[in-house]
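To start, the structure under review is shown below, and the notes come after it.
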Amino acid sequence: MDIDKVRELVKLVEDSGIEELEVSNEDTTIRIQKSAPVTMAAASVATAMQAPMQPISVPGAGGPAAADTPAVAADPSRAKWKDVRSPIVGTFYRAPSPTSPVFAEVGDRVTTGQTLCIIEAMKVMNEIEAEFSGTIKEIFAEDGNPVEAEAVLFLIDPD
(Lines give C-alpha, C1' and ligand atoms only; values in the text may rest on other atoms or scores of the structure.)
Protein backbone atom coordinates (compact mmCIF):
# COMPACT_ATOMS: atom_id res chain seq x y z
CA MET A 1 0.00 0.00 0.00
CA ASP A 2 1.28 3.47 -0.89
CA ILE A 3 2.47 5.68 2.00
CA ASP A 4 0.33 8.56 0.70
CA LYS A 5 -2.77 6.37 0.97
CA VAL A 6 -1.80 5.53 4.57
CA ARG A 7 -1.45 9.24 5.32
CA GLU A 8 -4.90 9.87 3.82
CA LEU A 9 -6.39 7.13 6.01
CA VAL A 10 -4.74 8.56 9.13
CA LYS A 11 -6.08 12.03 8.26
CA LEU A 12 -9.55 10.55 7.70
CA VAL A 13 -9.53 9.00 11.18
CA GLU A 14 -8.17 12.21 12.77
CA ASP A 15 -10.77 14.44 11.10
CA SER A 16 -13.78 12.18 11.65
CA GLY A 17 -15.63 11.00 14.72
CA ILE A 18 -14.59 7.39 14.24
CA GLU A 19 -12.22 5.81 16.75
CA GLU A 20 -10.87 2.96 14.62
CA LEU A 21 -10.52 2.07 10.93
CA GLU A 22 -9.36 -1.19 9.37
CA VAL A 23 -8.73 -1.50 5.64
CA SER A 24 -7.73 -4.69 3.80
CA ASN A 25 -6.27 -4.71 0.31
CA GLU A 26 -5.06 -8.00 -1.23
CA ASP A 27 -2.34 -9.19 1.20
CA THR A 28 -2.15 -5.98 3.30
CA THR A 29 -4.32 -4.95 6.23
CA ILE A 30 -3.99 -1.56 7.90
CA ARG A 31 -5.63 -0.73 11.21
CA ILE A 32 -5.68 2.82 12.50
CA GLN A 33 -6.91 3.49 16.01
CA LYS A 34 -7.16 6.80 17.85
CA SER A 35 -5.41 6.91 21.18
CA ALA A 36 -6.65 8.70 24.26
CA PRO A 37 -5.19 12.17 24.84
CA VAL A 38 -2.05 12.11 26.98
CA THR A 39 -2.10 14.09 30.19
CA MET A 40 0.92 16.13 31.27
CA ALA A 41 1.67 13.62 34.05
CA ALA A 42 1.61 10.74 31.57
CA ALA A 43 3.76 12.76 29.16
CA SER A 44 6.37 13.30 31.90
CA VAL A 45 6.48 9.58 32.67
CA ALA A 46 6.73 8.73 28.96
CA THR A 47 9.56 11.23 28.51
CA ALA A 48 11.48 9.79 31.45
CA MET A 49 11.16 6.26 30.04
CA GLN A 50 12.49 7.18 26.56
CA ALA A 51 16.11 6.63 25.60
CA PRO A 52 18.23 9.80 25.40
CA MET A 53 17.91 11.72 22.11
CA GLN A 54 14.66 9.94 21.19
CA PRO A 55 12.03 12.64 20.72
CA ILE A 56 8.41 11.85 21.48
CA SER A 57 5.29 13.64 20.42
CA VAL A 58 2.43 14.35 22.76
CA PRO A 59 -0.94 14.78 21.01
CA GLY A 60 -2.58 18.10 21.83
CA ALA A 61 0.45 19.51 23.65
CA GLY A 62 1.27 22.52 21.54
CA GLY A 63 1.60 21.29 17.96
CA PRO A 64 4.78 20.84 15.91
CA ALA A 65 6.88 23.30 17.94
CA ALA A 66 6.50 21.11 21.03
CA ALA A 67 8.50 18.29 19.41
CA ASP A 68 11.43 20.56 18.41
CA THR A 69 14.60 20.14 20.41
CA PRO A 70 15.65 23.01 22.71
CA ALA A 71 18.84 23.50 20.66
CA VAL A 72 16.77 24.27 17.56
CA ALA A 73 14.78 26.97 19.37
CA ALA A 74 17.92 28.45 20.98
CA ASP A 75 19.96 28.83 17.75
CA PRO A 76 18.35 31.35 15.35
CA SER A 77 20.42 30.11 12.38
CA ARG A 78 18.62 26.78 12.73
CA ALA A 79 15.16 28.36 12.64
CA LYS A 80 14.72 27.70 8.92
CA TRP A 81 15.47 23.97 9.24
CA LYS A 82 12.51 21.70 8.53
CA ASP A 83 11.75 18.39 10.16
CA VAL A 84 10.85 15.10 8.53
CA ARG A 85 8.42 13.16 10.70
CA SER A 86 7.34 9.56 10.75
CA PRO A 87 3.90 9.21 9.18
CA ILE A 88 3.22 5.97 11.06
CA VAL A 89 4.21 3.94 14.10
CA GLY A 90 6.86 1.37 13.24
CA THR A 91 10.52 0.39 13.29
CA PHE A 92 13.05 2.84 11.82
CA TYR A 93 15.70 1.54 9.43
CA ARG A 94 18.42 3.67 7.84
CA ALA A 95 19.26 1.10 5.13
CA PRO A 96 17.32 -1.39 2.99
CA SER A 97 19.20 -4.31 4.61
CA PRO A 98 21.79 -4.80 7.37
CA THR A 99 24.61 -5.14 4.82
CA SER A 100 23.54 -2.24 2.57
CA PRO A 101 24.80 1.33 2.90
CA VAL A 102 22.48 3.78 4.67
CA PHE A 103 20.11 5.93 2.61
CA ALA A 104 21.36 9.22 4.08
CA GLU A 105 23.94 10.57 6.53
CA VAL A 106 24.28 13.88 8.36
CA GLY A 107 25.74 16.35 5.87
CA ASP A 108 24.31 14.60 2.80
CA ARG A 109 22.43 16.69 0.25
CA VAL A 110 19.02 15.17 -0.52
CA THR A 111 16.54 15.93 -3.29
CA THR A 112 12.76 15.82 -3.37
CA GLY A 113 11.59 12.22 -3.66
CA GLN A 114 14.86 10.69 -2.43
CA THR A 115 14.42 7.84 0.08
CA LEU A 116 15.65 8.85 3.54
CA CYS A 117 14.75 5.73 5.55
CA ILE A 118 12.30 2.86 5.91
CA ILE A 119 9.60 2.51 8.55
CA GLU A 120 8.49 -1.10 8.97
CA ALA A 121 4.90 -1.44 10.11
CA MET A 122 3.01 -4.73 10.20
CA LYS A 123 5.72 -6.44 8.10
CA VAL A 124 5.36 -3.78 5.38
CA MET A 125 8.45 -1.73 4.48
CA ASN A 126 7.39 1.90 3.92
CA GLU A 127 9.99 4.12 2.25
CA ILE A 128 10.03 7.64 3.66
CA GLU A 129 10.98 10.15 0.99
CA ALA A 130 12.22 13.73 1.24
CA GLU A 131 9.39 16.16 0.55
CA PHE A 132 11.90 18.95 -0.21
CA SER A 133 15.56 19.32 -1.16
CA GLY A 134 18.24 20.29 1.33
CA THR A 135 21.09 19.14 3.55
CA ILE A 136 20.56 16.72 6.44
CA LYS A 137 21.64 18.40 9.68
CA GLU A 138 20.49 15.88 12.31
CA ILE A 139 19.12 12.35 12.52
CA PHE A 140 17.08 11.67 15.66
CA ALA A 141 15.96 8.04 15.32
CA GLU A 142 18.27 5.11 15.98
CA ASP A 143 18.49 2.29 13.44
CA GLY A 144 16.29 -0.65 14.40
CA ASN A 145 14.41 1.25 17.11
CA PRO A 146 10.66 1.90 17.24
CA VAL A 147 9.30 5.33 16.35
CA GLU A 148 5.91 6.87 17.02
CA ALA A 149 3.72 8.53 14.42
CA GLU A 150 4.76 12.17 14.00
CA ALA A 151 8.13 11.59 15.73
CA VAL A 152 10.87 13.80 14.26
CA LEU A 153 13.26 11.62 12.25
CA PHE A 154 15.47 14.18 10.48
CA LEU A 155 16.22 17.91 10.50
CA ILE A 156 17.00 19.28 7.04
CA ASP A 157 18.30 22.70 6.03
CA PRO A 158 16.17 23.34 2.92
CA ASP A 159 17.57 24.90 -0.26
Requested in this report: Return yes or no: is Ile88 touching a residue at least 60 places away in the same chain (Cβ under 8 Å) and not in a helix (DSSP H, G or I)?
Outcome: yes
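When the residues of region 125-159 are narrowed to those that are in contact with a helix residue (DSSP H, G or I) (Cβ under 9 Å, 6 or more places away or on another chain) and closer than 20 Å to Lys5 by Cβ, which ends up surrounded by the fewest Cβ atoms within 10 Å (Cβ to Cβ)? Walk me through it before giving the result.
Taking region 125-159 as the starting set, the residues that turn out to be in contact with a helix residue (DSSP H, G or I) (Cβ under 9 Å, 6 or more places away or on another chain) are 126-129, 137-138, 149-152, 155, 157.
Then keep just the ones that are closer than 20 Å to Lys5 by Cβ; that gives 126-129, 149-150.
Numbers: Asn126: 19, Glu127: 14, Ile128: 22, Glu129: 16, Ala149: 17, Glu150: 19.
The residue in question is Glu127.
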Query raised in the report: Conditions: (1) modelled with pLDDT of 95 or more; (2) within 25 Å of Ile30 (Cβ to Cβ); (3) surrounded by fewer than 14 Cβ atoms within 10 Å (Cβ to Cβ). Arg109 meets all but one. Number of the miss?
Result: (2)
Query raised in the report: Failed condition for Gly107, given (1) part of a loop (DSSP other than H, G, I, E, B); (2) in contact with a helix residue (DSSP H, G or I) (Cβ under 7 Å, 6 or more places away or on another chain); (3) not acidic (Asp, Glu), with all others met?
Result: (2)
Query - Verdict on Ala95 being exposed (fewer than 15 other Cβ atoms within 10 Å of the Cβ) and modelled with pLDDT under 80 - result: no
Query raised in the report: Got a number for residues in region 100-151 being of a type in the set (Gly, Ala, Ser) and either touching a strand residue (DSSP E or B) at 6+ places or on another chain (Cβ under 6 Å) or closer than 16 Å to Pro87 by Cα (or both)?
Result: 8
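The values are calculated or read from the model by the stated rules, or taken from the named source; none is laboratory data. Keep in mind that this is a model prediction, so the values were computed, not measured. For neighbour counting, all protein chains shown are included, and Cβ atoms are generated from backbone atoms with ideal geometry for every residue, glycine included.
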